[in-house]
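The values are calculated or read from the model by the stated rules, or taken from the named source; none is laboratory data. These numbers were taken from a predicted model, which means no experiment stands behind them. For neighbour counting, all protein chains shown are included, and Cβ atoms are generated from backbone atoms with ideal geometry for every residue, glycine included. Please note that ligands, DNA and RNA were not included when accessible areas were found on the heavy atoms of the full protein model with its side chains. Shrake-Rupley method; radii C 1.70, N 1.55, O 1.52, S 1.80 Å.
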Amino acid sequence: MKQYRMRPGRLIAKAVLALAGFLAVFPLVWTALNALKNNVDIITRVPKVIFTPTLANIGYILGRDSVLTGLYNSIVACGSAVLIGIVLGLPAAYAVARYPNRFAGDIQFFVLSLRFLPPVAVAIPLMVIWLQVGLYDTLPALIVTYSLLTISVIMWLAIPAFQGVPKEIEEAAFVDGYGAYSVFWRIALPVAARSLIGAIAFSFVLVWNEFLIALMLSSSNAKTLPIVASELSQQGMNVPWGILNASVVLLSLPPLLFLGILSGFLNSVFRQKNN
Amino acid sequence: MRRRSSLPATFLVPTLAILLVLSMVPTLYAIVIALQNRELSTPGYSWVWFSNFADLFTDRRFLNAVWVSVKWEIVTVVATMVVAIGLGVLMFEVASSRMRNVYCLLFIIPVLLPRVSAAFVWKFAYHPLYGIATYPYRLITGGLIFDPLSKPGTALFAVASVDVWQWGLFFAVIVLKLLETLPPQPIEAARLDHAKRWQIHAYVTLPMLKAPLISLMFVKMIESLRSFDLIYVMTRGGPGVATETLDMYAFSQGFIESGKVSYASAMAVLMMIATVITFTMLWKRVQA
């Protein structure tokens, strides 16, 4: 082993990895630092590492009505769509996982193929439809549209999660006189809970980050946070860099809260594969 | 006992019915709109059948957008796979198990970011005067200006680098996890035969992982279709039309420049047909 340590190839490999790790987070850290800077400290030809921090940018962002409305819209639209995804997606996934029929393969492919649809191809007709029924630029329209995303993603990820529940436990419950529904409620759901939470968190991140559909389906009332953030950059020539950086930080925080859950989910997926 | 339950029907039918309605209504309606001549500014419309499609094939900007989209797919998919396999193998070779966990956590962060955020982060970083990514160039050249996002030759690659930053690092984690699932015996055997480290991976481990790596590439191909957010924030399709992909052009035709919803929809329908056919065929092949 000692011989390996001495080899320059190994050192270079470690340096490349360290550089990649640095590149993964540094741009984000830099953005967070810029959010705490006054504009004069950002617009410098030599990047400033030492500066007097200010909370003005963050205060400005949190005091803007448009940002607060965007935050509210994002939370309501994503939260409701994820709830609908849970209520409709989990039972369907369980049925596919545990009651295989000859359509099971086709159903899985259909659910996956929804991901092939280019978002523009869905957004243009939906805009016309929502305009005609008078729901354009409202949260219900956005929630219904996002539900397509959340149901299919939760279903796709929950099928393997339910398949990972040991069959013996469910069989034992049947023998104990449980009905099919109570096996789902009392056995399958709690046992698969960890993986299911990962799947749900993933679907939340996906719709929270969604941009194109929200951009096309809202004009003023139903704008979500990504749309509001993207508009802040278009305020003429005098770009308020600090404010923009603060809005990027605000927008990025919720998905990052799920970092732990999602990396645990990833690990559990591969542990299942191992067995 | 399981067989006779009503559970599969009650659990599946409502969900599938809703998914079918939510996906088929917009899909069919997209085709209907593409056969008409709707515009955002005027309420009336009539049926023009295939003339939107005929116009597309003589529209040089559309043909450019097709070419840009193809370039985007190739550049992002290839670069992502190269970065992912490279870093995955490096982690497998030289990182201790504790460092692997640290890297895995770090490498997942970029892909979790909203693409709008990622795009802004790098748009600042690439700023010719104040950007952190262009700073080394200013330092070395003594203050020369390099503006990757506004040069036609580099803009696409600059935007693609953000996509690879998000997906390449994330896939590196998956490649590592895949390598960890391999049985150790073949690697040991190759080592006993005095195979070099890179030879072990080139001839033993990566061929063993061919199927999952192809699936991974398939996922990336689908995700690369969602380039709109990055391009919209970073370049808006510019400079000129150098980064104008199909969804960007459809969006600007339908909403920014002329409000020709039907024309945009015709473009979207062509994209939809192309992707559904391509990916269905690829998927059947991956599964077979």
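The table for this structure:
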quantity	calculated
Conditions (1) over 30 Å from B:Ser46 (Cα atoms); (2) assigned to a helix (DSSP H, G or I); (3) open to solvent by 10 Å² or more (accessible area, probe 1.4 Å): number failed by B:Val276	(1)
Close pairs from region A:152-175: first closer than 29 Å to A:Leu112 by Cα, partner buried (at least 19 other Cβ atoms within 10 Å of the Cβ) and aromatic (Phe, Trp, Tyr), Cβ under 6 Å, at least 6 apart	A:Phe162/A:Tyr94
Check on B:Val77, assigned to a helix (DSSP H, G or I) and within 12 Å of chain A (Cβ to nearest Cβ)	no
Residues within region B:109-152 that are free of Cβ contacts under 8 Å to residues at least 24 places away in the same chain and over 19 Å from the mean Cα position of the chain (by Cα), tallied	24
Options B:Leu192, B:Leu169, B:Leu179; residue that is open to solvent by 60 Å² or more (accessible area, probe 1.4 Å) and either within 30 Å of B:Ala95 (Cα to Cα) or within 14 Å of chain A (Cβ to nearest Cβ) (or both)	B:Leu192
Residues satisfying the stated conditions in region B:172-228, i.e. closer than 30 Å to B:Ala268 by Cα and either over 21 Å from the mean Cα position of the chain (by Cα) or free of Cβ contacts under 8 Å to residues at least 12 places away in the same chain (or both)	B:Val219
Those helices (runs of 4 or more DSSP H) lying entirely in region A:138-211 with at least 3 residues touching a Gly at 6+ places or on another chain (Cβ under 8 Å)	A:139-163, A:189-208
Meets criteria (surrounded by 15 or more Cβ atoms within 10 Å (Cβ to Cβ) and modelled with pLDDT of 95 or more) for A:Ile61	no
Given (1) modelled with pLDDT under 90; (2) under 27 Å from the mean Cα position of the chain (by Cα); (3) not acidic (Asp, Glu), number of the condition B:Ile74 does not satisfy	(1)
Number of the exception - B:Val121 against (1) under 19 Å from A:Trp30 (Cβ atoms); (2) more than 9 Å from chain A (Cβ to nearest Cβ)	(2)
The one condition in (1) more than 7 Å from every other protein chain (Cβ to nearest Cβ); (2) at pLDDT 90 or above; (3) in contact with a helix residue (DSSP H, G or I) (Cβ under 7 Å, 6 or more places away or on another chain) that B:Ser161 fails to fulfil	(3)
Candidate set from region A:69-95 (those that are within 7 Å of chain B (Cβ to nearest Cβ) and open to solvent by 10 Å² or more (accessible area, probe 1.4 Å)); member that is farthest from B:Gln253 (Cα to Cα)	A:Pro91
From A:Ile50, A:Ile75, residue being hydrophobic (A, V, I, L, M, F, W, C) and either in contact (Cβ under 8 Å) with a residue 60 or more places away in the chain or not assigned by TED's automatic domain parsing to the domain that holds A:Leu250 (or both)	A:Ile50
Hey, A:Glu170 among the charged types (D, E, K, R) and either touching a Cys at 6+ places or on another chain (Cβ under 9 Å) or crowded, with 16+ Cβ neighbours inside 10 Å (or both) or not	yes
